[in-house]
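The values are calculated or read from the model by the stated rules, or taken from the named source; none is laboratory data. If you're wondering where the values come from, they're calculated on a predicted model, not measured in any experiment. FYI the Cβ positions are ideal-geometry reconstructions off the backbone, even for glycines, and counts take in every protein chain you see. Areas reflect the complete protein model, heavy atoms only, side chains present, ligands, DNA and RNA absent. Shrake-Rupley method; radii C 1.70, N 1.55, O 1.52, S 1.80 Å.
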Amino acid sequence: MHSSHLLLEEPIRMVSILEPSKASFFPAMTKIVGTLGPKSRSVEVISACLKAGMSVARFDFSWGYPEYHQETLENLKTAIKSTKKLCAVMLDTVGAEMQVVNKSEKSISLQADAQVVLTPDRGQEASSQILPINYDGLAKSMKKGDTIFVGQYLFTGSETTSVWLEVSEVTGQDVVCTIKNSATLAGSLFTLHASQVHIELPTLTDKDKEVISTWGVKNKIDFLSLSYTRHAEDVRQAREFLSNLGDLRQTHIFAKIENVEGLTHFDEILQEADGIILSRGNLGIDLPPEKVFFFQKSALYKCNMAGKPAVLTRVVDSMTDNLRPTRAEATDVANAVLDGSDAILLGAETLRGLYPVETISTVGRICAEAEKVFNQDLYFKKTVKYVGEPMSHLESIASSAVRAAIKVKASVIICFTSSGRAARLIAKYRPTMPVLSVVIPRLKTNQLKWSFSGAFEARQSLIVRCLFPILADPRHPAESTSASSESILKVALDHGKTAGVIKSHDRVVVCQKVGDSSVVKIIELED
């Protein structure tokens, strides 16, 4: 097969099984987002997750209380201090999610061919005959023959823990369904998904707004994952809401695409959002299974060309209960890397799975192997062609830095940046070596007090493939004199040496601003 059809080197170099992987600091260039919850909230487990390669911690507010998530976050801070591993924080909203309300939390058994009624009457007790739901308008949207899925937090697709219903009749506000498979629903929260139906619920609910303006503000969240994003307007409204919340003006909004409606408006959503999360759990229900791969490849390509981070979910479901992924899942992770994903998001696998740490390290190892055969040359040419000519000044510098680094076989690229934009542009060209993004803090004032920017910018690069941030000492000015930039460069080089990615006689490409111009230079290290 010709390489133009595959993002692989041709011929594929067979990597020795015993070949040592990169130093533990860089388990993989592809990032891993871990969802913290019951099985992954102790300082000990979080520390192990950070060491295994997690660089973003996701807090999912579709379950649990703010106090519970706060305790988990305090444990994360302790783990960051003890492991000295940076980690960003992502708040995931509930959004327009339909849920079954099971107040008693008793397990509910549903038998194939029996009937069950979905009702908006939340005073009813959930049972095998009736399931109260949190949405009054379902009956208006459903008709005989429509499909509804009900499953545990994140529909699993497993025939015993989630159920597939077919609408047999609509009476008033109630929807009567025939059960297609026997299943037991356990726990307090089940997600309800009606295929390709527009839900008249706001994307940012009042509950979401309250959580963001209290928990989010208090903890200066780096990322907001906007669940059920369906239009660009959803992102604009979220941005406007954040802009009035002090520090959260800097929070990056990741649009979570979960249904056909979001895919239909994908291009305009991508323009507005800072990044995209492809939530394949729900997408896999809304789309026929044979179409999922196509939308995945197309969406990732668009994100790559726009230079915006793309995150993929639901890759190793079976690791929720097992130590090893299936062969199909392992291949899926590798294909996500070859398709251009920036990060892999783990949900149930780390939240309530039995092996959160092993899942992170397994996914990281698969990503690292796939990165070795990623056809950077083909990808680079595609990106340059897409950007077209004339290139903007920054785009030209970024692509030149990557081209130079590959030509001289540099071990790392070091990029000085204050907004993080230059570093993200370098990452857009997918260099084969790590990019140490040295974030130079900028002094800013609001007339009342002086403060330094930089922490947000550094943490936000933790979701971008191949970017590894270092926050420089704020005493160094951003518009550096040669003396101060030399000392910052030394810090970055020492950091790389300690991490084991820079050795003596290596070549390093440095990208920095000097006065009004940007410079790319190649350094050959002495002993």
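Observations on the structure shown:
- Hits in region 383-419 (condition: over 17 Å from L436 (Cα atoms), open to solvent by 30 Å² or more (accessible area, probe 1.4 Å) and either out of contact with any strand residue (DSSP E or B) (no Cβ under 8 Å at 6 or more places or on another chain) or not assigned by the TED database to the domain that holds R430 (or both)): V384, K385, Y386, V387, E389, P390, M391, S392, S396, K407
- Residue, least open to solvent (accessible area, probe 1.4 Å), within region 269-283, restricted to residues that are at pLDDT 95 or above and assigned to a helix (DSSP H, G or I): I269
- As a summary of the residue check, D286 satisfies the conditions (1) of a type outside the set (V, I, T); (2) modelled with pLDDT under 90; (3) closer than 21 Å to T331 by Cα except for the one numbered (3).
- The listed residues are L204, L226, and the only one of them that is open to solvent by less than 10 Å² (accessible area, probe 1.4 Å) and under 23 Å from the mean Cα position of the chain (by Cα) turns out to be L226.
- Of the residues making up region 493-527, those that are open to solvent by less than 60 Å² (accessible area, probe 1.4 Å) and of a type in the set (A, V, I, L, M, F, W, C) are L493, A499, V501, I502, V508, V509, V510, C511, V519, V520, I523, L525.
- Subset of region 341-367 (residues that are surrounded by fewer than 24 Cβ atoms within 10 Å (Cβ to Cβ) and part of a loop (DSSP other than H, G, I, E, B)): R352, L354, Y355
- In region 413-434, residue modelled with the lowest pLDDT [restricted to those that are more than 22 Å from D494 (Cβ to Cβ) and not in a loop (DSSP other than H, G, I, E, B)]: R421
- Flag if L192 is touching a residue at least 24 places away in the same chain (Cβ under 8 Å), closer than 25 Å to V260 by Cα and open to solvent by 40 Å² or more (accessible area, probe 1.4 Å): no
- Among all positions in region 365-373, there is no residue which is without any contact (Cβ under 8 Å) to a residue 12 or more places away in the chain and touching a Pro at 6+ places or on another chain (Cβ under 9 Å).
- Check on K220, part of a loop (DSSP other than H, G, I, E, B) and out of contact with any His (no Cβ under 6 Å at 6 or more places or on another chain): yes
- For region 238-252, the count of residues that are closer than 20 Å to T35 by Cα, outside any helix (DSSP H, G or I) and in contact (Cβ under 8 Å) with a residue 24 or more places away in the chain is at least one.
- If only residues of region 60-71 that are buried (at least 20 other Cβ atoms within 10 Å of the Cβ) and over 23 Å from C367 (Cβ atoms) are counted, the one that is nearest to the chain's Cα centre (by Cα) is F61.
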